[in-house]
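Chemist: One structure coming up, written as structure tokens, with questions to follow.
The values are calculated or read from the model by the stated rules, or taken from the named source; none is laboratory data. Values in this document were obtained by computation on a predicted structure and should not be read as measured data. Cβ: placed from backbone, ideal geometry, glycine included. Neighbour counts: every protein chain shown.
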Amino acid sequence: ASEISLLGGSHHHILGPLGIMPAKNIAVNLMLIATFLSFQLYRRSDKVATVRWAPLGNALLIGVYVAAVVNIIFLGVYYGYFTNTVYKVGSSVAQVSTTLVVIVAGLVIDTLMFRNAKRLPSHWGRIPDRAQYALFALPIAFTWLMALMGYVRSSVKTHWHVYTVMKDNSPDNFIPTIGYAGNMITLVTVLFLLCVLFMFWVANLSGSRQAKPDATAGGEA
């Protein structure tokens, strides 16, 4: 609590505006659109559109994405920070509707565009090294962030087992600082990922075979 008060609490002069719901609504809806875009790219990865209007369809789809992103940001910023609460809550409905329009429009355009598409051969297991590094970095970031934010959320209750209901009256009650907890969480995360790497290394050993002894060399000996 003392650290939060030193930072200005929920009214931080720089980060305070990011803590209200309109900012979170913007972030969540943009994340949903980005997730659907990655799904759409995955569906297109082994197909080539054969319809004549494919360039027009792609341009239309890009326009839908750009318009949706601009609309979501505008609704969140304008109605979230410059209007009263009624419009602030109502803008979230329009943001969700915009995200749904992107999903429905993307599915309809892709279904019509790739109905008789030419399929390319797929080669599983061929992935660049940088892509493997990026995939491995994702669980590292998720594990690290979830552990740290989980501690921050839990430490807010300080020395209460149940906040304002059941207090920890033991003489050894202690809440580690965020810096100390961050160091411990980093250590645990690194150790966990080292264990995962060790298991992958052991699993790969089963695929390696020893060279067969040279029969002629053994006979001459």
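Chemist: List, please: which pairs have Cβ atoms under 8 Å, are six or more places apart or on different chains, and start with a residue in segment 156-180 that is without any contact (Cβ under 8 Å) to a residue 40 or more places away in the chain and end with one that is hydroxyl-bearing (Ser, Thr, Tyr)?
Modeler: Lys157/Tyr163; Ile175/Ser155; Ile175/Thr158; Pro176/Ser155
Chemist: Here is a list of conditions, (1) modelled with pLDDT of 95 or more; (2) on the phi > 0 side of the Ramachandran plot, and Gly8 meets all of them except one; can you say which number that is?
Modeler: (1)
Chemist: Give the residue, chosen from Val93, Val101, that is loosely packed, with under 12 Cβ neighbours inside 10 Å and within 15 Å of Asn29 (Cβ to Cβ). Quick ask: steps written out before the conclusion?
Modeler: Values: Val101 fails: loosely packed, with under 12 Cβ neighbours inside 10 Å.
Every option except Val93 fails the conditions.
Chemist: Filter segment 46-88 for residues that are among the aliphatic types (A, V, I, L, M) and more than 26 Å from the chain's Cα centre (by Cα); which is farthest from Val104 (Cα to Cα)? Steps first, please.
Modeler: Of the residues in segment 46-88, the ones among the aliphatic types (A, V, I, L, M) are 48-49, 51, 54, 56, 59-62, 64, 66-70, 72-73, 75, 77, 86.
The next check asks that each one be more than 26 Å from the chain's Cα centre (by Cα); those that pass are 48-49, 51, 54, 56, 59-60, 86.
Working: Val48: 21, Ala49: 19, Val51: 20, Ala54: 18, Leu56: 18, Ala59: 16, Leu60: 13, Val86: 28 Å.
Step by step, filter segment 46-88, then rank; the result is Val86.
Chemist: State whether the residues of segment 167-175 include one that is surrounded by 10 or more Cβ atoms within 10 Å (Cβ to Cβ), assigned to a loop (DSSP other than H, G, I, E, B) and touching a strand residue (DSSP E or B) at 6+ places or on another chain (Cβ under 9 Å). Full working, then the answer.
Modeler: If we filter segment 167-175 for residues that are surrounded by 10 or more Cβ atoms within 10 Å (Cβ to Cβ), which is where we start, we get 167-168, 173, 175.
Filter once more, so that each one left must be assigned to a loop (DSSP other than H, G, I, E, B): 168, 173, 175.
Checking the rest, the ones that are also touching a strand residue (DSSP E or B) at 6+ places or on another chain (Cβ under 9 Å) come to 168, 173.
Yes.
Chemist: So, in segment 104-126, exactly how many residues are surrounded by 11 or more Cβ atoms within 10 Å (Cβ to Cβ) and modelled with pLDDT under 85?
Modeler: 0
Chemist: Take Thr99 and decide whether it is in a helix (DSSP H, G or I), closer than 24 Å to Thr189 by Cβ and touching a helix residue (DSSP H, G or I) at 6+ places or on another chain (Cβ under 6 Å). Can you show your working first?
Modeler: Details: in a helix (DSSP H, G or I): yes; closer than 24 Å to Thr189 by Cβ: no; touching a helix residue (DSSP H, G or I) at 6+ places or on another chain (Cβ under 6 Å): yes.
The answer is no for Thr99.
Chemist: Which of the residues belonging to segment 44-83 are in a helix (DSSP H, G or I) and of a type in the set (S, T, N, Q)?
Modeler: Pass one, segment 44-83, residues in a helix (DSSP H, G or I): 44, 54-81.
Correct list: Asn58, Asn71.
Chemist: Given the residues Thr186, Thr158, which is the only one that is out of contact with any Ser or Thr (no Cβ under 6 Å at 6 or more places or on another chain) and at positive phi? Before the answer, list the steps.
Modeler: Numbers: Thr186 fails: at positive phi.
Thr158 is the lone residue from the list that is out of contact with any Ser or Thr (no Cβ under 6 Å at 6 or more places or on another chain) and at positive phi.
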